[in-house]
Amino acid sequence: MPIVRDSCQLDALIPRNAEIVKLATGFSFAEGPVWCGRRKRLYFTDFPLQRLYSWSQAEGVRLLTDKSGRAVGLALDAEGRMIVCESLARRISRIEADGTFTALATHYGGRRLNNTNDVVVRRNGTIYFTDPYSAMLGLPRELDLNGVYMCDPATREVTLLVGDFERPNGLAFSPDESLLYINDTARQHVRVFEVAADGTLRPGGRLFAELDTSAGPGAADGMKTDARGNVYVAGPGGVSIFAPSGERLGRIELPEVVANLAFGGSSGSEANDTLYMTATSSLYAIKLSVCGAV
């Protein structure tokens, strides 16, 4: 499982002796990893089976529920509660301390959301999510766009941010939250938008990077940024890494299609300098020389 180095700048992020470790396997399609520093464990989903798992160095993999609403993307709010893209229920929910699900975003303009896919939470608590339509669910479509939205969890108000994506998927903030990166699975590229003072996005955005479709199987999916502003994109051939300028630095290649990724801690380290990757049937990890954006 090699590291493709397109730029010497990658050496400052991934050591030459870094090893990719398979932590667990046997899933149908692993997705949505998110690290909880308070509990020192990773949460992730197996969405075709509606399963939500945790993984820790001490306990390995634990099944938390097999009734997750076909959860795909996950995030955590400031209180450590899980924010869930329930693709089957077509909503954004929050898992409370007692395990119950509270619906936060279900409709826009009086019409039911399409198929919530990925989610991030800004430091002020505002939730941002992508909502591409999926014919696989066999449900009627009510919205005629594949949008990117924000939701105020206190008022449950849902605001459309961008509506011109063909299939919006992964999204990630820059370390200072002044920029929001959003990728498009169908177009195999990443766009970047300036975040306005009210949390909305300035119109248009710009093309940030295009993925190399010749690198291998896969398509633009989950994204994260590190503390230096580099952007990590799950896509063709593995995880592609881009500098804040958009320059392609390299790629982490895996033997399975990578769906999503998350920075987190590791055994013996409090720093979130381990990159966890959900790739089809397995969960992988690699120790980096840089921490994830917080």
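Return the residue satisfying two criteria in turn: it lies in the range 57-77 and is under 22 Å from G265 (Cβ atoms) and under 17 Å from the mean Cα position of the chain (by Cα), and of such residues it is surrounded by the most Cβ atoms within 10 Å (Cβ to Cβ).
Here the answer is G73.
Here is a check on your reading of the model: is A89 crowded, with 16+ Cβ neighbours inside 10 Å and modelled with pLDDT under 95? Give the steps one after another, and end with the answer.
On the way: crowded, with 16+ Cβ neighbours inside 10 Å: yes; modelled with pLDDT under 95: yes.
It is true that A89 is crowded, with 16+ Cβ neighbours inside 10 Å and modelled with pLDDT under 95.
Can you give me the ranges of the strands (runs of 3 or more DSSP E) entirely in the range 235-288 with at least 2 residues that are at pLDDT 95 or above and surrounded by fewer than 20 Cβ atoms within 10 Å (Cβ to Cβ)? Step through it out loud before you land on a result.
Working: elements: 238-242, 248-253, 258-266, 269-279, 282-287.
Filter on the range 235-288 gives 248-253, 282-287.
How many residues are surrounded by fewer than 24 Cβ atoms within 10 Å (Cβ to Cβ) and either more than 22 Å from A285 (Cα to Cα) or among the small types (G, A, S) (or both) if we restrict to the range 210-234?
Qualifying residue count for the region: 9.
When you scan the range 235-246, do you find a residue that is within 25 Å of A24 (Cα to Cα) and of a type in the set (S, T, Y), even just one? First the steps, then the outcome.
In the first step, residues of the range 235-246 are kept if they are within 25 Å of A24 (Cα to Cα); the result is 235-241.
If we keep only those that are of a type in the set (S, T, Y) too, we end up with 240.
Yes, some residue in the range 235-246 is within 25 Å of A24 (Cα to Cα) and of a type in the set (S, T, Y).
What is the number of the single condition among (1) touching a helix residue (DSSP H, G or I) at 6+ places or on another chain (Cβ under 8 Å); (2) of a type outside the set (K, R); (3) in contact (Cβ under 8 Å) with a residue 60 or more places away in the chain that Q188 does not meet?
(3)
Given the criteria surrounded by fewer than 20 Cβ atoms within 10 Å (Cβ to Cβ) and at pLDDT 95 or above, does N117 qualify? If you could, list the steps in order and put the result at the bottom.
Numbers: surrounded by fewer than 20 Cβ atoms within 10 Å (Cβ to Cβ): no; at pLDDT 95 or above: yes.
Taking the combined requirement at face value, the residue does not satisfy it.
Would you point out which residue out of M150, M82 is within 20 Å of K67 (Cβ to Cβ), touching a residue at least 40 places away in the same chain (Cβ under 8 Å) and of a type outside the set (D, E)? Write out each step before concluding.
Details: M150 fails: within 20 Å of K67 (Cβ to Cβ).
Every option except M82 fails the conditions.
Cβ-Cβ distance below 7 Å, separation of 6 or more or different chains: which pairs start in the range 116-131 with a residue that is over 17 Å from E194 (Cα atoms) and end on one that is in a strand (DSSP E or B) and among the charged types (D, E, K, R)?
Taking only residues 6 or more apart or on different chains, the pairs are T116/E86; T116/R91; T116/D131; N117/D131.
Restricting the search to the range 142-170, which residues are of a type in the set (A, V, I, L, M, F, W, C), under 19 Å from V84 (Cα atoms) and part of a loop (DSSP other than H, G, I, E, B)? Walk me through how you get there before you give the answer.
As a first pass, look at the range 142-170 and keep what is of a type in the set (A, V, I, L, M, F, W, C): 143, 145, 148, 150-151, 154, 158, 160-162, 165.
When the remaining residues are screened for being under 19 Å from V84 (Cα atoms), the result is 148, 150-151, 154, 158, 160.
Result: A154, single match.
Kindly establish whether G138 is surrounded by fewer than 18 Cβ atoms within 10 Å (Cβ to Cβ), at positive phi and free of Cβ contacts under 8 Å to residues at least 40 places away in the same chain. Before the answer, list the steps.
On the way: surrounded by fewer than 18 Cβ atoms within 10 Å (Cβ to Cβ): yes; at positive phi: yes; free of Cβ contacts under 8 Å to residues at least 40 places away in the same chain: yes.
Considered against the rule, which asks whether it is surrounded by fewer than 18 Cβ atoms within 10 Å (Cβ to Cβ), at positive phi and free of Cβ contacts under 8 Å to residues at least 40 places away in the same chain, G138 comes out as yes.
Working only within the range 141-172, note down all residues that are buried (at least 16 other Cβ atoms within 10 Å of the Cβ) and charged (D, E, K, R).
The answer is D152, R167.
Only one of (1) free of Cβ contacts under 8 Å to residues at least 40 places away in the same chain; (2) farther than 30 Å from D198 by Cβ; (3) over 19 Å from the mean Cα position of the chain (by Cα) is not met by S54, so which one is it?
All conditions are met except number (3).
I'm trying to understand the selection: among the residues of the range 232-255, which are more than 13 Å from L275 (Cα to Cα) and of a type in the set (S, T, Y)?
Passing the criteria: only S245.
Do you know which residues across the range 121-141 are modelled with pLDDT of 95 or more and either basic (K, R) or assigned to a loop (DSSP other than H, G, I, E, B) (or both)? Quick ask: steps written out before the conclusion?
Here is the first cut: in the range 121-141, the ones modelled with pLDDT of 95 or more are 121-132.
Hits for the range 121-141 are R122, R123, N124, G125, T126, P132.
What residue, of T225, T200, T213, is among the polar types (S, T, N, Q), more than 19 Å from the chain's Cα centre (by Cα) and closer than 26 Å to D77 by Cα?
Details: T225 fails: more than 19 Å from the chain's Cα centre (by Cα); T213 fails: closer than 26 Å to D77 by Cα.
Only one candidate qualifies: T200.
The values are calculated or read from the model by the stated rules, or taken from the named source; none is laboratory data. Computed from a prediction, not measured in an experiment: that's the story for all the values here. Don't worry about glycine lacking a Cβ; one is built from the backbone with ideal geometry, like all the others, and counts go over all protein chains shown.
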